[in-house]
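Here is the structure we will look at.
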Amino acid sequence: MSPSTAELKERVCDYIDEIAPQLLQISHTIHANPEISFAEFESMKLLADTAEAFGYAVQRGVAGLETAFMAVSARTQGPTIAFIAEYDALPGLGHACGHNIIGTAATGAALAMQAIRHEVPGTIKLIGTPAEEGGGGKVIMAEYGVFDDLDAAMMIHPGTKAMTTRTTLASNKVKFEFFGKSAHAAAIPELGINALDACIQTYNNINALRQHLRPDVRIHGIITHGGDAANVVPAYAAALFSVRAADSDYSFEVLEKVIRCAEAGALAAGATMKYEHSMHYAQRLANPTLARLFGENIGSLGEDVQEPAPGEKMGSSDMGNVSQIVPSIHPYVTIAPPGTGGHTPEFAQASISSWGDQALIRSAKAMAMTAVDLMTQPQLMQQAKDEFSDMVDFDAPWRKRRFFHK
Ligand SMILES: [Zn+2]
Ligand SMILES: [Zn+2]
């Protein structure tokens, strides 16, 4: 008789306990050698080599990204479940977002599923996705179709409150450049065209725009170049803005308005304007069945899972784009007390603390347990897919856009 779901869950948990020292060593090694977006060579090698050593077929370099990898363990007919690994750090701050935990937990779950590969149907993939912090590795990989053949995708993210259903804002990044004409600012200003004026008008136009936007919108930006000398009319100015909203289509609608603000700023100053819309992170959906299963599984290991508070603060993530292609979850696990902000030195410290280590092990177990649920109970997999079809607007205009190449 084949083992029950409960027995298989116990086995993956026991297995992860067995390899825990090795997993923690991997996590701490990645943490000690932080590598930023698209330069995660050693971190990627460590995770990919580990998966290979445990019998995964590994492809290094995916979707034209050198630091992406794909590890596959194919079994018999059945669902294809992916664990998503991130392993990029932040410039100057190291692993202040705890991606060492994300990458290692995903790898741990994959190794545990390998230990029961003869007992469950389907395929496990461990997908290494670089450059979450700004480079949008998953956006690029999504456009290459890397996630198309999956039935479910899951990853975890360290935080200060365990939540399975928190979503994110859709987000666009846009860079504006203004071109004017330099002139002596005192002697012949009438011959100059002030690119900084165009830039500041843009900034102010956007501030005026805010009042007429939905409350879920977030627009924030900086002026990255404002001139070179006070006595020279600036011939060049530049600014960077993030334009976010609850859903992708509205975020694009707002982006169009923001671009008009820049056009108007340039027009007023007599300057010319160029913009570059570099990347779109889609709104992240939490699949209810996957979220419930993961919540029950990690809850059974002692994690106190909570609902997001009304008006819970949100950022954006390239997992959003994955969640629009396949039933996905991106739950948060607790590694530090409330009030410890992400992207801080305190959070970097928490990412190798004993609390962080424990969260890593729990997360690896809960992801493997959730995969066991989906592989042994086809009705749950189907339920997740039905929910996905209900949640996603496949005809939404934004889905036809391509973001990283024009
Ligand atoms: Zn981050
Ligand atoms: Zn992060």
Quick one: is P345 surrounded by fewer than 24 Cβ atoms within 10 Å (Cβ to Cβ), in contact (Cβ under 8 Å) with a residue 24 or more places away in the chain and either within 18 Å of the chain's Cα centre (by Cα) or under 17 Å from D88 (Cα atoms) (or both)?
yes
Which of (1) away from ligand 2 (no atom under 15 Å from the Cβ); (2) part of a loop (DSSP other than H, G, I, E, B) does M141 not meet, given it meets every other one?
(2)
Among the residues that make up segment 143-156, is at least one of them within 16 Å of ligand 1 (Cβ to nearest atom) and more than 22 Å from M367 (Cα to Cα)?
no
Counting just the residues of segment 167-194 that are crowded, with 22+ Cβ neighbours inside 10 Å and within 16 Å of ligand 2 (Cβ to nearest atom), which one comes out nearest to the chain's Cα centre (by Cα)?
T168
Any residue that is under 19 Å from F388 (Cα atoms) and either within 16 Å of ligand 1 (Cβ to nearest atom) or β-branched (V, I, T) (or both) - is there at least one of those in segment 360-371?
yes
Which condition does I30 not pass, out of (1) surrounded by 22 or more Cβ atoms within 10 Å (Cβ to Cβ); (2) under 14 Å from M113 (Cβ atoms); (3) of a type outside the set (S, T, N, Q), if it passes all the others?
(2)
Mind listing just one residue for me: the one in segment 126-136 that is within 12 Å of ligand 2 (Cβ to nearest atom) and closer than 16 Å to F83 by Cβ and, of those, surrounded by the most Cβ atoms within 10 Å (Cβ to Cβ)?
T129
Odd one out for E10 among (1) within 25 Å of the chain's Cα centre (by Cα); (2) without any contact (Cβ under 8 Å) to a residue 24 or more places away in the chain:
(1)
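FYI, it's all coordinate maths here, none of it is from the lab. For clarity, every value in this text was computed on a predicted model and none was experimentally measured. For neighbour counting, all protein chains shown are included, and Cβ atoms are generated from backbone atoms with ideal geometry for every residue, glycine included.
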